[in-house]
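**Q** Please see the structure below; I have some questions.
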Amino acid sequence: MDELRYQIDLLKAMNQKLVLQEHIYKTVCDMSSAAMLFYSFERDEAYTLGNWDNMFDFKVRDMKDISRFYELIDEAYVLKLRESLFLEKKGEKETSIECKMRDSMSWLRFHVWVIYENDCPSEKVIVIHNVTKYHSQNEELEYMAYYDALTGLYNRNYFVRKLGEFVRRAEEEQSIVSTMIIDIDDFRKINDGRGIVVGDELVQQFGFLLKELSEGDENLIACHLSSDVYCFAIYDPVGNRSVETIAQKIRDSVRDPFRMSNGEEIKITVSIGVAEYPEAARNALELINFAEIVMYKGKALGKNTVQYFDTPILNEFLNSIDMENRLKETVIRNGFEMYYQPQFYSGNKKLRGAEALIRWFDEEKGMIGPDKFISIAEKNGSIIEIGKWVIEQSVMQYAKWREKYGMRFIMSINISALQYKRDDFVDFILRVLRRYNVSPSEIELEITESILIEDFQSVMDRLCRLRDTGVRISLDDFGTGYSSLSYLKKLPIDTLKIDKSFIDTVLNDSSTRIITESIINMADALGMETIAEGVELEQQYRYLHSVGCDVIQGYLFGKPQSAEDFEKLLDRL
Ligand code: C2E
Ligand code: MG
Ligand code: MG
């Protein structure tokens, strides 16, 4: 009896232990966010556990029922999933696969194990996780890797890759790849004037238009390169996707103004630069680069243009880069020299003054004129340093001559618009004058009308401050710019320099004579002095004298010359 009781107690205890264990397993499975399936080969029975009932609305009793999954998941994954769910057919032990659901953005991961006994499959366990969240993060990352968030166009990196692929394909198929850079004209003005929120919206709206234009043709891709710059890559640019057709479509698309969400309307034009494989370049980065160079060239020629790559443009560009580098070196080692051109009163032919004109002596290229490098120096900012050197050098030279020859005249110095923008400009000039003991009325600053375009008021304030100290101001190249009379009246100007282009034609062209005479009369009425620039012929001088031009400057009476040569001229006076 005792024996029997003992056996019963033992069984009870074992049973309790089993119940406990089962309870533990069940609890763990139920707590899991995964759906699980246990299948016994021997009994051909399946059990579902864990989160199954929440994830699926069907049960699986045997392995045939598992085919229900094939209806749920995207067709593209069905074959692979079938292989994975029956991996024992290949004698494998473990596998996993991720499948996209058919009608939603959800993703499932199936992990399958098969347990073998004596080389025969005995049990199979399938654990299914919902991995949608993980996938959407991945998709977002992928999106960020390929697309520009603002416009939805491809981003630069991906575009460069695709353009590279086009080029390789064109190499094989002996075809052409066009690269078009598209840049919104005057975007900075829009951005500065209307704010970056509006600027961004414009970039976005124009981007959407380009996206529409590029969709539906795998040989045409568009990207947002940066700020207001976009790029198209066109494989085999013919017919519908020829550069001309696309450029026309882009232009048509900006014909109507853009309507911003704040109600403002903005009308834009665009400049387009085109470079093609194999003519312009043989790799993606160079194609983009060259298309950009010609686009800027187009802008310089007047915006709203389509400019095609050609070799002279590239050479000009490379040349200017080369110049820029040399110029920087020259600024460092101070390889400039000042030349001086005399100015004479037209009546008594006495010396009125000298215009200081900078020269650059380059070891390789010899003398380079300011027309070739001042604009480069303005672009790379070195004009500030060069300009300071010019002022100091000219004032110092004048002080020496006044001392040596005991005579006063006017030293005329050209000033770039950028120099006026500096807060310290006025103080700098006054400091230099004090240092060399030169009175303000002995120097004249030549300005051009370009300085009046931006920030008129602060330029005016500085000019007036200088003028108040006695410094003379002259307006250079008069007649070539806006020459607005209203400006003239407002500006503190002592002298008008009539541009050489008038003097060149004054003898042959009666309308030039009418303009020249009216400039002289007007200047006279406003109490200004007139200087004729570029006088080369005796007849030009005689005519100018007869119509009342005050001062003559030109090769006829003296070329720009080194300080040494200018002294010879002073010696003779
Ligand atoms: P600009 O101020 O109008 O100077 C007059 C230009 O006409 C000078 O050219 C001068 O050499 C040239 N010229 C004078 N008379 C004649 C003539 O009878 N026939 C011909 N064919 N040309 C004549 P340059 O020296 O090449 O200077 C060109 C421009 O570069 C200047 O035009 C001025 O705007 C700028 N520049 C020159 N030096 C400086 C400087 O130190 N600083 C700045 N910011 N600009 C300068
Ligand atoms: Mg000048
Ligand atoms: Mg001039």
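**Q** Quick one: residue 546 ticks every box in (1) over 19 Å from residue 357 (Cβ atoms); (2) touching a residue at least 24 places away in the same chain (Cβ under 8 Å); (3) polar (S, T, N, Q) except a single one, so which number is it?
**A** So the condition that residue 546 fails would be (2).
**Q** Give the residues of segment 57-76 that are within 53 Å of the chain's Cα centre (by Cα) and not aliphatic (A, V, I, L, M), sorted by residue number.
**A** Step one: filter segment 57-76 for residues within 53 Å of the chain's Cα centre (by Cα), giving 69-76.
Listed by number, the residues that qualify are 69, 70, 71, 74, 75.
**Q** Right, another one. I need a count of the residues in segment 530-550 that are more than 15 Å from ligand 3 (Cβ to nearest atom) and in contact with a Leu (Cβ under 9 Å, 6 or more places away or on another chain).
**A** Adding up the residues that qualify gives 6.
**Q** While we're looking at this one, here's another question. Would you list the helices (runs of 4 or more DSSP H) that sit entirely within segment 184-300 and hold 2 or more residues that are open to solvent by 70 Å² or more (accessible area, probe 1.4 Å) and hydroxyl-bearing (Ser, Thr, Tyr)? Give the steps one after another, and end with the answer.
**A** Details: elements: 187-194, 196-214, 243-253, 284-300.
Fully inside segment 184-300 and qualifying: nothing.
**Q** Inside segment 67-105, can you point out the residues that are of a type outside the set (Asp, Glu) and closer than 18 Å to residue 122 by Cα? It would help to see each step written out before you state the result.
**A** Start the filter on segment 67-105 by keeping residues that are of a type outside the set (Asp, Glu), which leaves 67-70, 72-73, 76-82, 84-87, 89-91, 93, 95-97, 99-102, 104-105.
Once the filter is applied, which keeps residues that are of a type outside the set (Asp, Glu) and closer than 18 Å to residue 122 by Cα, segment 67-105 yields 84, 85, 86, 87, 89, 90, 91, 93, 95.
**Q** So which residues in segment 81-115 are free of Cβ contacts under 8 Å to residues at least 24 places away in the same chain and assigned to a strand (DSSP E or B)?
**A** As a first pass, look at segment 81-115 and keep what is free of Cβ contacts under 8 Å to residues at least 24 places away in the same chain: 82-83, 86, 89-97, 103-104, 109, 111, 113, 115.
94, 95, 96, 97, 109, 111, 113, 115, listed by residue number.
**Q** For segment 339-367, which residues satisfy the criterion of being away from ligand 3 (no atom under 16 Å from the Cβ), buried (at least 18 other Cβ atoms within 10 Å of the Cβ) and farther than 18 Å from residue 551 by Cα?
**A** Across segment 339-367, the qualifying residue is only 360.
**Q** Report yes if residue 517 is under 40 Å from the mean Cα position of the chain (by Cα), of a type in the set (Asp, Glu) and either within 16 Å of ligand 1 (Cβ to nearest atom) or more than 16 Å from residue 352 (Cα to Cα) (or both), otherwise no. Working first, answer last.
**A** Details: under 40 Å from the mean Cα position of the chain (by Cα): no; of a type in the set (Asp, Glu): yes; either within 16 Å of ligand 1 (Cβ to nearest atom) or more than 16 Å from residue 352 (Cα to Cα) (or both): yes.
When the stated conditions are applied, residue 517 does not pass them.
**Q** When you go through 461, 455 one by one, which is the residue that is more than 30 Å from the chain's Cα centre (by Cα) and open to solvent by 20 Å² or more (accessible area, probe 1.4 Å)?
**A** Values: 455 fails: more than 30 Å from the chain's Cα centre (by Cα).
Unique residue meeting the criteria: 461.
**Q** Follow-up question, since we're still on this one. For segment 510-531, what are the residues that are outside any helix (DSSP H, G or I) and either hydroxyl-bearing (Ser, Thr, Tyr) or touching a strand residue (DSSP E or B) at 6+ places or on another chain (Cβ under 6 Å) (or both)? Give the derivation first.
**A** First pass over segment 510-531, keeping only residues outside any helix (DSSP H, G or I): 526-531.
Across segment 510-531, the qualifying residues are 528, 529, 530, 531.
**Q** Further question on the same structure: Among the residues in segment 423-430, are any within 16 Å of ligand 2 (Cβ to nearest atom) and touching a helix residue (DSSP H, G or I) at 6+ places or on another chain (Cβ under 9 Å)? Reasoning before the result, please.
**A** Initially, segment 423-430 is screened for residues within 16 Å of ligand 2 (Cβ to nearest atom), giving none.
There is no residue in segment 423-430 that is within 16 Å of ligand 2 (Cβ to nearest atom) and touching a helix residue (DSSP H, G or I) at 6+ places or on another chain (Cβ under 9 Å).
**Q** State the number of residues belonging to segment 486-512 that are more than 16 Å from ligand 1 (Cβ to nearest atom) and without any contact (Cβ under 8 Å) to a residue 24 or more places away in the chain.
**A** Matching residues across segment 486-512 total 6.
**Q** Keeping to segment 368-387, report how many residues are β-branched (Val, Ile, Thr) and within 16 Å of ligand 3 (Cβ to nearest atom). Please lay out each step first, then the result.
**A** We begin by selecting, within segment 368-387, every residue β-branched (Val, Ile, Thr); these are 368, 374, 376, 383-384, 386.
Imposing the further condition that a residue be within 16 Å of ligand 3 (Cβ to nearest atom) reduces the set to 374.
Residues in segment 368-387 being β-branched (Val, Ile, Thr) and within 16 Å of ligand 3 (Cβ to nearest atom): 1 in total.
**Q** Which is of a type outside the set (S, T, N, Q) and assigned to a helix (DSSP H, G or I), of 129, 135?
**A** Working: 129 fails: assigned to a helix (DSSP H, G or I).
Sole residue among the options that is of a type outside the set (S, T, N, Q) and assigned to a helix (DSSP H, G or I): 135.
**Q** When segment 506-516 is examined, which residues are found to be surrounded by fewer than 16 Cβ atoms within 10 Å (Cβ to Cβ) and of a type in the set (D, E, K, R)?
**A** Scanning segment 506-516 gives a single hit, 509.
**Q** Check segment 466-484 and report whether any residue there is buried (at least 19 other Cβ atoms within 10 Å of the Cβ), in a helix (DSSP H, G or I), away from ligand 3 (no atom under 16 Å from the Cβ) and on the phi < 0 side of the Ramachandran plot.
**A** Yes, because at least one residue in segment 466-484 is buried (at least 19 other Cβ atoms within 10 Å of the Cβ), in a helix (DSSP H, G or I), away from ligand 3 (no atom under 16 Å from the Cβ) and on the phi < 0 side of the Ramachandran plot.
**Q** Right, here's the next one. Just to check your reading of the model, which residue among 169, 161, 156 is open to solvent by 60 Å² or more (accessible area, probe 1.4 Å) and in contact with a His (Cβ under 9 Å, 6 or more places away or on another chain)?
**A** Numbers: 169 fails: in contact with a His (Cβ under 9 Å, 6 or more places away or on another chain); 161 fails: in contact with a His (Cβ under 9 Å, 6 or more places away or on another chain).
The unique qualifying residue is 156.
**Q** For the list (1) closer than 26 Å to residue 174 by Cβ; (2) over 23 Å from the mean Cα position of the chain (by Cα), I need the number of the one condition that residue 273 fails.
**A** The failed condition is (2).
**Q** Then there's this: Within segment 532-548, track down each residue that is assigned to a loop (DSSP other than H, G, I, E, B) and more than 16 Å from ligand 2 (Cβ to nearest atom). So that I can check it myself, show each step before the final result.
**A** Applying the first criterion (assigned to a loop (DSSP other than H, G, I, E, B)) to segment 532-548 yields 534-537, 547-548.
Answer for segment 532-548, where residues must be assigned to a loop (DSSP other than H, G, I, E, B) and more than 16 Å from ligand 2 (Cβ to nearest atom): 536, 537, 547, 548.
**Q** Across segment 525-547, which residue is nearest to the chain's Cα centre (by Cα) among those that are open to solvent by 40 Å² or more (accessible area, probe 1.4 Å) and modelled with pLDDT of 95 or more?
**A** First, pick out the residues of segment 525-547 that are open to solvent by 40 Å² or more (accessible area, probe 1.4 Å): 525-527, 536-539, 542, 545-546.
Imposing the further condition that a residue be modelled with pLDDT of 95 or more reduces the set to 536-539, 542, 545-546.
Numbers: 536: 45, 537: 48, 538: 51, 539: 51, 542: 53, 545: 51, 546: 54 Å.
Per the criteria, the residue is 536.
The values are calculated or read from the model by the stated rules, or taken from the named source; none is laboratory data. Small disclaimer: the values here were computed from a predicted structure and weren't measured. No Cβ is skipped: glycine too gets one built from the backbone with ideal geometry, and neighbour counts run over all protein chains shown. We work out accessible area using only protein heavy atoms, side chains counted, and drop any ligands, DNA or RNA first. Shrake-Rupley method; radii C 1.70, N 1.55, O 1.52, S 1.80 Å.
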